[in-house]
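Below is one structure, written out as structure tokens; the observations come after it.
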Amino acid sequence: MLDRPVRSLGPSRQRRTSIGWQPAAFFSLTLSVTLLGDPGSFSLSAERPRLIHYANGDEELYDIQVAPNEWRNLAEPPEHAQRLGELRQLAPTQFAEKVAASDESLPELCWQAAFGATPASKPDGNPFDVVFINRREEAVKLMWMSREGKPKLYGIIAVGERQRQQTRPGAVWHITDQADKG
């Protein structure tokens, strides 16, 4: 079934090693691992079949020669059970641990002082992490502005400390001193 390389895209040699593959001079299938998403999700591609396995157990099987746009999932029909089984045997059993980005690697966001009322949050889009670093000479309060424009305390950041926080585009964060003065 798998007797020659079929794609040049795939994990690097370093990534192959970290997910439990032994480096070899020749690979006869391509493995794509969702490194930033759910650990345990992966895709295996050979010359014609492509298996997509999700961490929750769902699977998709495609014949990419017949249906290159992957519109017809063949994982359910019994006549494809053997091919599905063959690909499952090639699946990785170990996955690299997800490592959070270091604070230093995150881009700096522009600080915008609020004059007047702090606007309400209008969160929309995928979540991402931000890190708030208190460089003042006193502790500060970190508050998220609700959709209604009401502050919700998320923490007190001590002098010189950092707070990693998940946020979304459109979220408004409000920082004050202990007396609630910006």
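The values are calculated or read from the model by the stated rules, or taken from the named source; none is laboratory data. On a predicted model such as this, the values are computed, not experimentally measured, just so you know. In this analysis, Cβ positions are derived from the backbone assuming ideal geometry, glycine residues included, and neighbour counts consider all displayed protein chains.
Listing for the model above:
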item	result
Residues within the range 123-141 that are in contact with a strand residue (DSSP E or B) (Cβ under 6 Å, 6 or more places away or on another chain) and under 16 Å from ARG168 (Cβ atoms), tallied	5
Failed criterion for PRO107 (all others in (1) part of a loop (DSSP other than H, G, I, E, B); (2) under 24 Å from the mean Cα position of the chain (by Cα); (3) in contact (Cβ under 8 Å) with a residue 12 or more places away in the chain hold)	(3)
Qualifying residue in the range 139-154 (condition: free of Cβ contacts under 8 Å to residues at least 60 places away in the same chain, surrounded by 11 or more Cβ atoms within 10 Å (Cβ to Cβ), of a type in the set (Ser, Thr, Tyr) and not in a strand (DSSP E or B))	yes
Verdict on LEU74 being in contact with a helix residue (DSSP H, G or I) (Cβ under 7 Å, 6 or more places away or on another chain), at pLDDT 50 or above and assigned to a strand (DSSP E or B)	no
Check on ALA100, more than 30 Å from GLY40 (Cβ to Cβ) and of a type outside the set (Lys, Arg)	no
Subset tally (residues that are more than 20 Å from the chain's Cα centre (by Cα) and surrounded by fewer than 12 Cβ atoms within 10 Å (Cβ to Cβ)) for the range 120-132	0
Number of the exception - ALA113 against (1) closer than 23 Å to SER41 by Cα; (2) small (Gly, Ala, Ser); (3) surrounded by fewer than 11 Cβ atoms within 10 Å (Cβ to Cβ)	(1)
